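FYI, it's all coordinate maths here, none of it is from the lab. In this text, all values refer to a predicted model and were calculated from it rather than measured experimentally. FYI the Cβ positions are ideal-geometry reconstructions off the backbone, even for glycines, and counts take in every protein chain you see.
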Amino acid sequence: MLIPVLIGMSIITFSIVHAIPGDPAKAILGEKATPEAVAQLKESMGLGKPLFIQYVDYVKGILSGDLGTSFITKTSVAEEIGPYLAATMELSFAAMVIAVFFGMNLGILAAWRHNTGVDYTAMVIAIIGVSVPVFWLGLMEQWVFAQDLSWLPSNGRIDARMGFEPITNFYFIDALIQGDFVAFGDAFRHIILPAVALGTIPMAYIARMTRSSMLEVMRSDYIRTVRAKGVSEFLIIYKHTLRNAFIPILTVFGLQMGLLLGGAILTETIFSWPGIGRYVYEAINNRDYPVIQSGILIIAFIFVMINLIVDLLYAWIDPRIQYGKE
Amino acid sequence: MTKTLLEIKEFKMHFHTDKGVVKAVDGIDLSVNEGEVVGLVGESGCGKSVTSLSVMGLVPTPPGKVEAGSIQLAGRDLTRLKRREWRQVRGNEVAMIFQEPMTSLNPVFTVGSQMIEAIRQHRQVGKKEARHRAGEALREVGISRDSILDEYPHQLSGGMRQRVMIAMAMVCEPKLLIADEPTTALDVTIQAQILDLMRRLNQEKGTAILMITHDLGVVAEMCSRVVVMYAGQVVEEADVNTLFSNPKHPYTAGLLRSIPQLDKRSDRLYSIPGNVPNPRQMPTGCRFAPRCEHVQSICLDREPPLFHITTGDHTSRCWLHGTEKEDVDRDSSRDVVRS
Ligand SMILES: Nc1ncnc2c1ncn2[C@@H]1O[C@H](COP(=O)(O)OP(=O)(O)OP(=O)(O)O)[C@@H](O)[C@H]1O
Ligand code: SF4
Ligand SMILES: [Mg+2]
C-alpha cells in the first residue's frame, strides 16, 4: 500500500511544483536578465528537457537518496534539509503531545462528568479550539505572552546568544546529550507558544472524539461487568473504557496529524521556526523546484508513515482487527 | 435455622428524567436466605433489572434516586454505603451475571486477564496464583482447557462466554449470585446446561441465587421461592409449589396460563390482555386493574396492600384476598396484613 501512495505523491508534488507560475531561471537572474542567459541557466538546471524525462530523473534521484540540488544555495537538498526536518519534527511532536494529552484528558473529563458544568465547559473549549485559525492564535499568543507579559520568547528555537552547538539537530536530545540543562530549559521555553498554536485544533478534535467515544463505551454491557467486579472508577475509565474508545480517537489522530503538518508551515512562519515549512516557503518564493518538491515529498512521507503507525496501532489495541487474515 | 442473607424492605428507586419521574421500583420487599434460590419474575419493564442492579449499586444516580427503603445484606444497609465500601461488596459478597453474554466481556482483554483482575480486586494474591485460581474456576464451570485464559471473548461462543461470566462471578465465592436472565439469549440446549451448572454451584458451594427471569419454566426448575413483580411492585410471593398449584393474584394466574403446554393442545397461546402501565403515569388504585378480569370498584380507588393468604408465607397484593378494614388495621411498619 505504501509504494503506490508514494508514487502518487511524487507525481502530485512534481506536477504542483511545475504548475507554479513563474520561471525559476528568471527568478534567480532577476527581471533584467537577457533571454540567452535565462535559456542557458535553464539548460544547466535540467529544465530544458521534456517534463516526463524531468520526472524520471527526479524519481531516479529520490530512489538513490538524491533529492536534487538547490538552485539557490547550490548544495544538495538531502544534506541541507536535515536541520529543518529536525526542527519541524520537534515542533510537530511537541504539538502532538499537547494535542493528545490535553485532548484526551479533556474528553475523558467531559465524558466522566457527562451533562454537568464540567462537561459543558470542556465542550465549549473544544468548539472554540476547532474554530480558531492557527495564525490568529499564534499572533495572539505572541502579543499576550511574549510582548505584553514577556513570559515566553516568540521567535526561534533557542536563544542565539547561548551559542548552542547542535549535534542531531533535535535540540532537546542534543541538550540532554551535552548535559546542558540551561539550553534544555531555553529550548523548552521557545517551543511552548508555537506548539500550543499548532496543537490547539487537533487537541479540540481529539477532545470531542474522545468524549463521544468514551460515552458510548461507558454505556456498554462490559463496562457494567467491570464495575460489577468492584474495579475502581480510575481503572474503569483509563483501562477498560479508554482502550475500547481508542479506535475512533486514533482515526481522528491520524487525520489531524496530516493537518498538523500543514499547520506547521504556517506556525513556522509566524514564530520564525527554522523548519521544513519555512524552508519550503522560501523555496516557493525563489521557484527553487528541487527544494519544493523534496520538502513536500518529505512531509507527505511523514504523513503516510504516521498513518501506517496508526494502522498498526489499531490491530494492537483491538484483538478483533487482524491484517492479512480477512 | 436459615439465616436471611438479603433483605430488601420497602425499597423505592425512581428515575428523574426530563420527561417525568419513572417509578421503576416502587416499594418492594424481597428476601433471600443463605443458600436459597429465589425467582424474581414479571413482564418486561416491571423493574426486575433495576431491583437487581440496586443490590449491586449499579443503577446510575442520577437519574436514579433511592426514594425510600433499605437493602440489607448480611445485616448491613447497602443503601448507605460509600463508593469505596461498594467496591468491597461488588464481586466479593455479591456477584452478578447478565443477560447478554455476547457483550458482557471486554473485547480487548483476554479471558484470563479479566478473571485475574476480578480475583486480585478482592484477594491479596500474586498474578501467578490468580491465574491458577482462574483456571480452577473455569474448570468448575466445565471448561477444562487452560488455553482459554489466553483467548479473547470474540473467539468464544455465547454459551462459553456465559460460562466464563459465571466463573468470573464465582471466583471470589460470593454469598449471593444475582443472575439477570442468564439464559434468555442462549439457545435451548445451552440454556439447560447453564441452569444445571448454576444449580450445581448452589448445591456444592451454598451460594444463594436471585434468579431473574420472565420464564416460569426456569423458575419451576431452579427456585424454591418466587416473587412476582408487576409495575414496580411485588404482587405475589409464595414457595414454588404453592405458586404453581394455587396462584392467588390474577396477574400470576394470567402468567401461568400463558405458559405453552405440551399436553393441552390449543390453537392460540393465552396472553394477558392489555399492556403494562406507563411507568410515568401509574393508575390510581390497583396497578393491574386495567387488565384484570376480576376488577371491582375498590380496585380503581384504593391500592391494595400485600395480604397474607392463610397458608404460610404466601402473600398477594389483591383486594380479592383481604378487605379494606384489614388494610386499615395493618401492622405498623410493613405493608402486610394478616387475615
Ligand atoms: N437509566 C434509566 N433511566 C430512566 N429509566 C430507566 C432507567 N433504567 C431503567 N429505567 C426504567 O425502569 C423501568 C424498569 O426497567 P427494568 O430494566 O428494571 O425492567 P425489567 O423488568 O428488567 O425488564 P426486562 O424484562 O425487559 O429486562 C423501565 O420502565 C425502564 O424504562
Ligand atoms: S385488586 Fe382488583 S384489579 Fe387488582 S388484581 Fe385484585 S381484583 Fe384485579
Ligand atoms: Mg431486565
Check: How about chain B: what cysteines have no other cysteine beta carbon under 4.7 Å from their own?
Finding: B:CYS46, B:CYS172, B:CYS223, B:CYS292, B:CYS318
Check: Which net charge results when you count Lys and Arg as +1 and Asp and Glu as -1 among the other residues whose beta-carbon is under 9 Å from that of B:SER316?
Finding: 0
Next item on the list: Return the percentage of antiparallel bridges among DSSP beta bridges fully within the protein assembly as shown, rounded to the nearest 5 %.
Entry: 60 percent
Check: Kirkwood hydrodynamic radius for the range A:227-326: how many Å is it when counted over pairs of different Cα atoms?
Finding: 16.4 Å
Notebook entry, point to check: Dipole size in debye (nearest 20) for the range B:162-318 around its Cα centre, Lys and Arg Cβ +1, Asp and Glu Cβ -1?
Noted result: 200 debye
Note to self: I'd like the trypsin sites (Lys or Arg not before Pro) in the range B:145-233 restricted to DSSP loop residues with at most 14 other Cβ atoms within 10 Å, sorted by number.
What the structure shows: B:ARG145
Item checked: Unit charges on C-beta of K, R, D, E only; dipole of the protein assembly as shown, Debye -> 900 debye
Note to self: Calculate log10 I(q)/I(0) of the range A:1-121 for q = 0.09 Å⁻¹, where I(q) comes from the Debye formula with a single equal point scatterer on each Cα and nothing for solvent.
What the structure shows: -0.49
Check: Which of the aspartates and glutamates could be linked to B:LYS3 by a straight reach, that is with a Cα gap under 14 Å, when you skip same-chain ones fewer than 8 residues away?
Finding: B:GLU34, B:GLU36
Next item on the list: Fewest Cβ neighbours within 10 Å first, please rank B:LEU255, A:LEU137 accordingly.
Entry: A:LEU137, B:LEU255
Note to self: Quick check: Cα centre of the range A:240-274 to Cα centre of the range A:152-183, how many Å?
What the structure shows: 25 Å
Item checked: the protein assembly as shown - convex hull of the alpha-carbon atoms, volume per residue in Å³ -> 242 Å³
Next item on the list: Return the whole-Å distance between the Cα centroid of the range B:85-121 and the Cα centroid of the range B:26-72.
Entry: 20 Å
Next item on the list: Looking at the range B:156-303, send over the antiparallel percent of its DSSP beta bridges, to the nearest 5.
Entry: 55 percent
Next item on the list: Could you tell me what percent of the DSSP beta bridges with both partners in chain B are antiparallel, to the nearest 5?
Entry: 60 percent
Margin query: What number do you get for the range B:168-233 when its Cα radius of gyration is normalised by 2.2 N^0.38 Å, N = residues?
Written below: 1.13
Check: Going by a ≥ b ≥ c, the root eigenvalues of the Cα gyration tensor, does the range B:51-142 fall in the rounded group (a/c under 1.5), the prolate group (a/b larger than b/c) or the oblate group?
Finding: prolate
Check: Can you give the average number of partner chain beta-carbon atoms within 10 Å of each beta-carbon in peptide B:91-100, as a whole number?
Finding: 3
Next item on the list: Return the ratio Rg/(2.2 N^0.38 Å) for the range B:98-184, where Rg is computed over Cα atoms only.
Entry: 1.00
Next item on the list: Sort A:TYR279, A:TYR55 so that the residue with the fewest other Cβ atoms within 10 Å of its own Cβ comes first and the one with the most comes last.
Entry: A:TYR55, A:TYR279
Checklist line | Debye, to nearest 20: dipole size of the range B:94-173, +1 on Lys, Arg Cβ, -1 on Asp, Glu Cβ | finding: 160 debye
Next item on the list: Could you list, in their original order, any pairs among B:LYS12/B:LYS127; A:LYS229/B:LYS19; A:LYS32/A:LYS60; A:LYS239/B:LYS65 whose Cα atoms are separated by more than 31 Å?
Entry: B:LYS12/B:LYS127; A:LYS229/B:LYS19; A:LYS32/A:LYS60
Check: Which value at 222 nm does the protein assembly as shown reach when only helices count, each DSSP H run of 4 or more adding -39,500 (n - 2.57), with the total divided by all residues and rounded to the nearest 500 deg cm²/dmol?
Finding: -16000 deg cm²/dmol
Margin query: Net charge around A:VAL226, counting only other residues with Cβ within less than 12 Å of its Cβ (Lys, Arg = +1; Asp, Glu = -1)?
Written below: +4
Note to self: Can I get the semi-axes of the range A:77-317's equivalent ellipsoid? Compute them from the C-alpha gyration tensor as square roots of 5 times the eigenvalues, in angstrom, largest first.
What the structure shows: 36, 20, 18
Next item on the list: Over the residues of chain B, compute the C-alpha Rg and express it relative to 2.2 N^0.38 Å.
Entry: 1.04
Item checked: Net charge over other residues, Cβ less than 14 angstrom from the Cβ of A:THR200 (K, R count +1; D, E count -1) -> 0
Next item on the list: On a C-alpha basis, how far is the centre of the range A:112-140 from the centre of the range B:187-209 in Å? Whole number, if you could?
Entry: 53 Å
